[in-house]
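Encoded as structure tokens, the structure appears first; notes follow it.
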Amino acid sequence: MTGVETRSVARDSLFLLADIRIEQGAEIHRVRVRNLSDGGMMAEGNLKVKRGHRVDVELRNIGGVAGSVAWVQDNRFGIAFDEEIDSQQARRPPQTDEHAPATMLKASWAHRAPPPPDTGKLRKI
């Protein structure tokens, strides 16, 4: 490797677990997600996949994502998603109720800027 970044899409490094099912098989494998982008991911696990295998990946807060294995090296492999996802959703804490709205924090005005001065009370220098 030359150390030069040749990827055209930014990836988020993270440590996340995901479930993968290979080519419509019944068996589900747990893998570690090492990096994730909107278009794909790198996973690590003890399962036998080959380049071109079709997979379904279950990602936290996102759900099932279809894709295909793009590369394999030892126990790591890359998956190219069929459709782009919002990879930032996987970083958020898990939702307990899938219909619950995202929790909004109450706005804090303790650090807001002071109001502008009354121009009528200013003096010229």
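The values are calculated or read from the model by the stated rules, or taken from the named source; none is laboratory data. Only a predicted model underlies this, so the values are computations on that prediction, with no experimental measurement involved. Ideal geometry is used to build each Cβ from the backbone, glycine not excepted, and the neighbour counts take in all protein chains shown.
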Legend entry - Conditions (1) loosely packed, with under 13 Cβ neighbours inside 10 Å; (2) among the acidic types (D, E); (3) part of a strand (DSSP E or B): number failed by D56: (1)
Legend entry - Whichever residue in the range 1-34 is of a type in the set (K, R) and surrounded by 10 or more Cβ atoms within 10 Å (Cβ to Cβ) and, among such residues, is modelled with the lowest pLDDT: R11
Legend entry - Where a residue in the range 43-60 is under 10 Å from V72 (Cβ atoms) and its partner, wherever it lies, is outside any strand (DSSP E or B) and of a type outside the set (A, V, I, L, M, F, W, C), with Cβ under 8 Å and at least six apart: H53/E23
